[in-house]
Amino acid sequence: MFEPLPDLSRARILVSNDDGLDAPGIKVLERIARTLSDDVWVVAPETEQSGAGHSLTLHDPIRYHQRGPRHVAVRGTPTDCVLLGVKLFTGDRRPDLVLSGINRGGNMGEDITYSGTVAVAMEGTLLGIRSLALSLPFADPDAIPWDTAEAIAPDVIRRACAVRWNRNVLINVNFPDCAPEQLQGVRVARQGKRVGSSRFSENLVERVDPRGRPYVWIGVEQITDLEGADTDLHAVAANHVAVTPLCIDLTDEGTLAEMETAF
């Protein structure tokens, strides 16, 4: 079990993301982290890596450069950033906490399986570090309510870290797309699922480039038909912060029993 961290002022915090070191969300998250501790390190991709999932660079060298004290830009995936941050960049003391985000867009339901933001927290968890992923869905890209996340995130992080949780679990947090005064509180919710097919599979745009070669854009389709009132999707739609524990162990016990009878 991860034991409680009731006093985060003594914690070493590693901040990363998948939107890149220059993304507005990671700047917000760094400010949040600095309200919790003075010992904050930022290691993030040099360029945006959205949708990278839990991928690792194996066939190319991973280049990096310092962007200031305790700030490193990595030419690699979000997973690379956490691995290097923990093993190389944070010195002789491992981080006590990994914070990922704040992602520019939600990571709920099926999105979790693609998410580089969640992958940061997943890698932190695999390395034995308590980890949280934080995301913020939005309807208007010119009016993303970063102030809402900044207002409530410190309390959410403190409360989550003040209790024990299993060492193969990460915490996935999604903030609602609303003003701070419209927040309806925090809800612990299970991972949801949108009704119908994958949000990506139905929005493939086929085109031809100027040289006559075909290519495809994978678009993002917004699906509003949701299953289950106790899910992250419903919580955020109702202006709640959704807090969802996710387990690294993907084994399905019911099917495991069925396979034992088959084999």
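The values are calculated or read from the model by the stated rules, or taken from the named source; none is laboratory data. Just so it is clear, the structure is predicted and the values come from calculations on it, not from any experiment. Positions of Cβ are backbone-derived with ideal geometry, glycine not excepted, and every protein chain shown enters the neighbour counts.
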Neighbours by Cβ (under 6 Å, 6+ apart or cross-chain): first from region 86-104, over 17 Å from GLY128 (Cβ atoms); second polar (S, T, N, Q) and buried (at least 23 other Cβ atoms within 10 Å of the Cβ): GLY101/ASN17; GLY101/THR117; GLY101/SER135; ASN103/THR117; ASN103/SER135
State yes or no: is GLY116 at positive phi, assigned by TED's automatic domain parsing to the domain that holds THR47 and crowded, with 19+ Cβ neighbours inside 10 Å? no
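Let's see how each residue does on (1) outside the structural domain of THR117 (by TED's automatic domain parsing); (2) of a type outside the set (Val, Ile, Thr):
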site: MET1; (1), (2): yes, yes
site: SER16; (1), (2): no, yes
site: LEU21; (1), (2): no, yes
site: LEU29; (1), (2): no, yes
site: SER37; (1), (2): no, yes
site: VAL42; (1), (2): no, no
site: GLY51; (1), (2): no, yes
site: LEU56; (1), (2): no, yes
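Answer yes or no as to whether GLY254 is at pLDDT 95 or above and either of a type in the set (Lys, Arg) or over 21 Å from SER131 (Cβ atoms) (or both). Walk me through it before giving the result.
Working: at pLDDT 95 or above: no; either of a type in the set (Lys, Arg) or over 21 Å from SER131 (Cβ atoms) (or both): yes.
Against the criterion (at pLDDT 95 or above and either of a type in the set (Lys, Arg) or over 21 Å from SER131 (Cβ atoms) (or both)), GLY254 does not qualify.
Quick check on GLY68: is it under 16 Å from ARG34 (Cβ atoms) and not in a helix (DSSP H, G or I)? Before the answer, list the steps.
On the way: under 16 Å from ARG34 (Cβ atoms): yes; not in a helix (DSSP H, G or I): yes.
Yes.
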Are any residues in region 1-45 in a strand (DSSP E or B) and either more than 14 Å from LEU99 (Cα to Cα) or not hydroxyl-bearing (Ser, Thr, Tyr) (or both), and if so, which ones? PHE2, ARG12, ILE13, LEU14, VAL15, ASP39, VAL40, TRP41, VAL42, VAL43, ALA44, PRO45
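Could you identify the single residue in GLU48, GLU150 that is modelled with pLDDT of 95 or more and either closer than 22 Å to ALA11 by Cβ or not in a helix (DSSP H, G or I) (or both)?
Values: GLU48 fails: modelled with pLDDT of 95 or more.
Result: GLU150 is the single residue among GLU48, GLU150 that is modelled with pLDDT of 95 or more and either closer than 22 Å to ALA11 by Cβ or not in a helix (DSSP H, G or I) (or both).
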